[in-house]
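Take a look at the structure set out below.
Any read-out appearing in this document is the output of simple, stated calculations on the displayed coordinates, not a laboratory observation. Note that the structure is predicted; figures quoted are calculated from it, not measured. For neighbour counting, all protein chains shown are included, and Cβ atoms are generated from backbone atoms with ideal geometry for every residue, glycine included.
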Amino acid sequence: MHDASSQLSQNSPKNPRILSLPASVLADERRSEVVEKTMKKSTLMYYTLLVGMWVTTAQGQTSKYPPIEQYLMAQADEIALARTAAPANISDQATIKVLTKRGFEVAQQGGNGSVCMVMRGFSAPTYTPAQLRELVYDATVRAPICFTPPAVREVLPYYELRTNLALQGKNPDEVAEAVAVAYAKGELPKRDQVTFAYMWSAKQSLGPGIGHWHPHVMLFAPYYDNSMVGGSPFGSPFPQGSDDAGTPFSVVVIPVDDKLALGGEMK
């Protein structure tokens, strides 16, 4: 991560092309003029910051989905991996979902309202950073995550929709369009509060250039951008904005001590 971060400015393209966020998504959701002004700034900043790390990945992708079998896991292995996403007091009583050819399905029913699963590259950002959108084609991504109950209600349906669209063969642009339409129509829950998920697995594999990274928590913070959490650079040990800055689907990641990683030792 440190080597990749040091090369970001050298690898950034001169004229990055960023997918425009459909107006229908934000029409009823803009909170203030400050949010409107920061959206364009934040998306460009994130793209410039991260594209150097991901350009090699994007160039290596074929823009064609690998066979679905490459994304799947043996169910017992997937259940075990999903449980490494959060401390046992959460994951032991959580519902576990596993990926099938039809999307995510319940493998074990829990009782605490949390849901643990192993996200794939299908859960890549919808809009920005632009290069990360290509992760949908990476069948090696394994991202154990445990959503707490509020995130199960507001956020999980979004990731399941993205997964189902990818399983239908939709490319990143088509996925983004379908997500925008679904949100505008109220087919996805409105994002109007900050919600929370754990990604503490030592066995997570988040893609080329990142690998296991640090155990971290995910804050699903609508309309946040990196400046709102301190402006720390991507890959630093501090809170930082990551996916879809300035949109309803914004994500803030907060790394925690590697000693808190679950399911093995950090490599």
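Taking region 87-112, which residues are surrounded by 16 or more Cβ atoms within 10 Å (Cβ to Cβ), over 24 Å from ASP138 (Cβ atoms) and within 21 Å of the chain's Cα centre (by Cα)? Steps first, answer last, please.
Let us first name the residues in region 87-112 that are surrounded by 16 or more Cβ atoms within 10 Å (Cβ to Cβ), namely 90-91, 94-99, 103-104, 107, 110.
Okay, now just the ones that are also over 24 Å from ASP138 (Cβ atoms), so 90-91, 94-95, 110.
Passing the criteria: ILE90, SER91, ALA94, THR95.
Identify, by number, the condition in (1) under 12 Å from the mean Cα position of the chain (by Cα); (2) crowded, with 23+ Cβ neighbours inside 10 Å that VAL141 doesn't meet.
(2)
Among the residues of region 168-186, are any crowded, with 19+ Cβ neighbours inside 10 Å and part of a strand (DSSP E or B)?
no
For region 212-262, how many residues meet the condition of being touching an Asp or Glu at 6+ places or on another chain (Cβ under 8 Å), of a type outside the set (Phe, Trp, Tyr) and not in a strand (DSSP E or B)?
First, the residues of region 212-262 that are touching an Asp or Glu at 6+ places or on another chain (Cβ under 8 Å): 214-215, 220, 222-223, 241, 245-246, 248-251.
Those still in the list that are of a type outside the set (Phe, Trp, Tyr) too: 214-215, 222, 241, 245-246, 248, 250-251.
Applying the additional criterion that residues be not in a strand (DSSP E or B) yields 214-215, 222, 245-246, 248, 250.
Here the count works out to 7.
List the pairs whose first member sits in region 200-211 and is farther than 16 Å from ARG120 by Cβ, whose second member is surrounded by 17 or more Cβ atoms within 10 Å (Cβ to Cβ) and of a type in the set (Phe, Trp, Tyr), and whose Cβ atoms are under 7 Å apart, counting only residues at least 6 apart or on separate chains?
Hits for this filter: GLY209/TRP54.
Yes or no: PRO149 buried (at least 23 other Cβ atoms within 10 Å of the Cβ), in contact (Cβ under 8 Å) with a residue 24 or more places away in the chain and not charged (D, E, K, R)? Give the derivation first.
On the way: buried (at least 23 other Cβ atoms within 10 Å of the Cβ): no; in contact (Cβ under 8 Å) with a residue 24 or more places away in the chain: yes; not charged (D, E, K, R): yes.
In short, no.
Taking region 222-238 as the region of interest, how many residues are buried (at least 20 other Cβ atoms within 10 Å of the Cβ) and under 27 Å from LEU188 (Cα atoms)?
Total meeting the criteria: 5.
Which condition number does GLN131 fail, the rest of (1) under 15 Å from MET73 (Cβ atoms); (2) surrounded by 18 or more Cβ atoms within 10 Å (Cβ to Cβ) being met?
The one condition GLN131 does not meet is (1).
Kindly provide the set of residues from region 195-235 that are over 21 Å from LEU135 (Cβ atoms), among the β-branched types (Val, Ile, Thr) and within 15 Å of the chain's Cα centre (by Cα), ordered by number.
Once the filter is applied, which keeps residues that are over 21 Å from LEU135 (Cβ atoms), among the β-branched types (Val, Ile, Thr) and within 15 Å of the chain's Cα centre (by Cα), region 195-235 yields only THR195.
In contact (Cβ under 8 Å) with a residue 12 or more places away in the chain and either in contact with a strand residue (DSSP E or B) (Cβ under 8 Å, 6 or more places away or on another chain) or basic (Lys, Arg) (or both), is that true of ASN164? Don't jump to the end; show me each part of the working.
Numbers: in contact (Cβ under 8 Å) with a residue 12 or more places away in the chain: yes; either in contact with a strand residue (DSSP E or B) (Cβ under 8 Å, 6 or more places away or on another chain) or basic (Lys, Arg) (or both): yes.
Yes: the conditions hold for ASN164.
Matching residues to (1) of a type in the set (A, V, I, L, M, F, W, C); (2) touching a helix residue (DSSP H, G or I) at 6+ places or on another chain (Cβ under 8 Å):
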site: VAL194; (1), (2): yes, no
site: LEU206; (1), (2): yes, no
site: HIS216; (1), (2): no, no
site: TYR223; (1), (2): no, yes
site: THR247; (1), (2): no, yes
site: VAL252; (1), (2): yes, yes
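State which residue is farthest from LEU219 (Cα to Cα) when the search covers only region 134-167 and only residues that are of a type in the set (Lys, Arg) and in a helix (DSSP H, G or I). Spell out the reasoning first.
So in region 134-167, the residues of a type in the set (Lys, Arg) come out as 142, 153, 162.
Those left that are additionally in a helix (DSSP H, G or I): 153, 162.
Working: ARG153: 14, ARG162: 18 Å.
Taking the candidates together, the pick is ARG162.
Give me the residue from region 212-267 that is in contact (Cβ under 8 Å) with a residue 24 or more places away in the chain, touching a strand residue (DSSP E or B) at 6+ places or on another chain (Cβ under 6 Å) and of a type in the set (Gly, Ala, Ser) and, out of that set, farthest from PHE196 (Cα to Cα).
Among those that are in contact (Cβ under 8 Å) with a residue 24 or more places away in the chain, touching a strand residue (DSSP E or B) at 6+ places or on another chain (Cβ under 6 Å) and of a type in the set (Gly, Ala, Ser), it is GLY263.
Output yes when any residue across region 195-202 is of a type in the set (Gly, Ala, Ser), outside any helix (DSSP H, G or I), touching a Gly at 6+ places or on another chain (Cβ under 7 Å) and surrounded by fewer than 20 Cβ atoms within 10 Å (Cβ to Cβ), and no when none is. Steps first, please.
First pass over region 195-202, keeping only residues of a type in the set (Gly, Ala, Ser): 197, 201-202.
The next check asks that each one be outside any helix (DSSP H, G or I); those that pass are 197, 201-202.
In the following step, the residues that additionally are touching a Gly at 6+ places or on another chain (Cβ under 7 Å) were identified as 201-202.
In the following step, the residues that additionally are surrounded by fewer than 20 Cβ atoms within 10 Å (Cβ to Cβ) were identified as 202.
Within region 195-202, one or more residues are of a type in the set (Gly, Ala, Ser), outside any helix (DSSP H, G or I), touching a Gly at 6+ places or on another chain (Cβ under 7 Å) and surrounded by fewer than 20 Cβ atoms within 10 Å (Cβ to Cβ).
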